[in-house]
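J.: Dumping the structure here so I can ask a few things about it.
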Amino acid sequence: MSKILKWVGLALLAVLVAIQFFGIDKTNPPVNANEDFITLAAPPADVAQILKNACYDCHSHETAYPWYTNIEPVSWWIGRHIEEGREHLNFSIWGTYDAEKKAHKAEECGEEVEKGEMPLKSYLPMHPEARLSDAQRERLSAWFLAMSEMSEAQEGSSDMQSGGEVSSEEEHSEEGEHEHEH
Ligand code: HEC
């Protein structure tokens, strides 16, 4: 019995050693400051600081990779979060989002933060700077929700300029689409 255990242990160790050769790609894609959220939306300094501390590791091309991202399989799990996070929302390419997407993502940010869904809980033990106080949470979500309302209003006014009058019916159907996206 103890012999079997010894072999199982050795085999596990061999697997752990072997997978260390399959690390994740940690090269950050280039950052174009002209497309970056903080450049474009110019949030107040305290909001920008919270974003950098609590969101940019997963939602931008400015990811910091701590030492434990050198250890597989932990790195695979973290790499997946970064990949998925950027797919859903990437502050580094904010400038490439159209007005509607910007308004929608800003609203999502407000909601996710308000509900305590973001930043991801699994991120917090190793990142004390990302543990938001109630005040920070409130500040960040209120700022995002105000921003999304403002950009929706802007979107409406630019529709008027380009497309003439917007009937209330049309506005209604647009709202319907928004609902659908959720
Ligand atoms: C540890 C990585 C990580 C951190 C840190 C993080 N997120 Fe996320 N975020 C994700 C992942 C992964 C998803 C996609 C899966 C999900 O929704 O859980 C996501 C999804 C989202 C979404 C949904 C986007 C959409 O339209 O589907 C929003 C909004 C969001 N995050 C905002 C934030 C904000 C704001 C912060 C900072 C306060 C933040 N996140 C911090 C990983 C992270």
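J.: Checking the condition within 30 Å of ALA103 (Cβ to Cβ) and free of Cβ contacts under 8 Å to residues at least 24 places away in the same chain, which residue from ALA42, ALA14 passes?
T.: Every option except ALA42 fails the conditions.
J.: HIS59 passes all but one of (1) within 11 Å of the ligand (Cβ to nearest atom); (2) in a helix (DSSP H, G or I); (3) under 17 Å from ARG131 (Cα atoms); (4) of a type outside the set (Phe, Trp, Tyr); which number fails?
T.: In the conditions (1) within 11 Å of the ligand (Cβ to nearest atom); (2) in a helix (DSSP H, G or I); (3) under 17 Å from ARG131 (Cα atoms); (4) of a type outside the set (Phe, Trp, Tyr), HIS59 misses (2) alone.
J.: With respect to the numbered conditions (1) touching a residue at least 12 places away in the same chain (Cβ under 8 Å); (2) in contact with a helix residue (DSSP H, G or I) (Cβ under 8 Å, 6 or more places away or on another chain); (3) surrounded by fewer than 16 Cβ atoms within 10 Å (Cβ to Cβ), which one is the sole condition not fulfilled by ALA33?
T.: All conditions are met except number (1).
J.: Could you tell me whether CYS109 is within 30 Å of ILE19 (Cβ to Cβ) and either within 11 Å of the ligand (Cβ to nearest atom) or without any contact (Cβ under 8 Å) to a residue 60 or more places away in the chain (or both)?
T.: In short, no.
J.: Within segment 128-143, is there a residue that is outside any helix (DSSP H, G or I), touching a Leu at 6+ places or on another chain (Cβ under 9 Å), modelled with pLDDT of 95 or more and surrounded by 12 or more Cβ atoms within 10 Å (Cβ to Cβ)?
T.: Yes, some residue in segment 128-143 is outside any helix (DSSP H, G or I), touching a Leu at 6+ places or on another chain (Cβ under 9 Å), modelled with pLDDT of 95 or more and surrounded by 12 or more Cβ atoms within 10 Å (Cβ to Cβ).
J.: Something else about it: Among the candidates TRP94, TRP76, single out the residue that is outside any loop (DSSP other than H, G, I, E, B), hydrophobic (A, V, I, L, M, F, W, C), more than 12 Å from the ligand (Cβ to nearest atom) and in contact with a Leu (Cβ under 7 Å, 6 or more places away or on another chain).
T.: That would be TRP94, the only listed residue that is outside any loop (DSSP other than H, G, I, E, B), hydrophobic (A, V, I, L, M, F, W, C), more than 12 Å from the ligand (Cβ to nearest atom) and in contact with a Leu (Cβ under 7 Å, 6 or more places away or on another chain).
The values are calculated or read from the model by the stated rules, or taken from the named source; none is laboratory data. Since the model is a prediction, treat every value here as computed from it, not as a measurement. Counting neighbours? That spans all protein chains shown, and the Cβs are built from the backbone with ideal geometry, glycine included.
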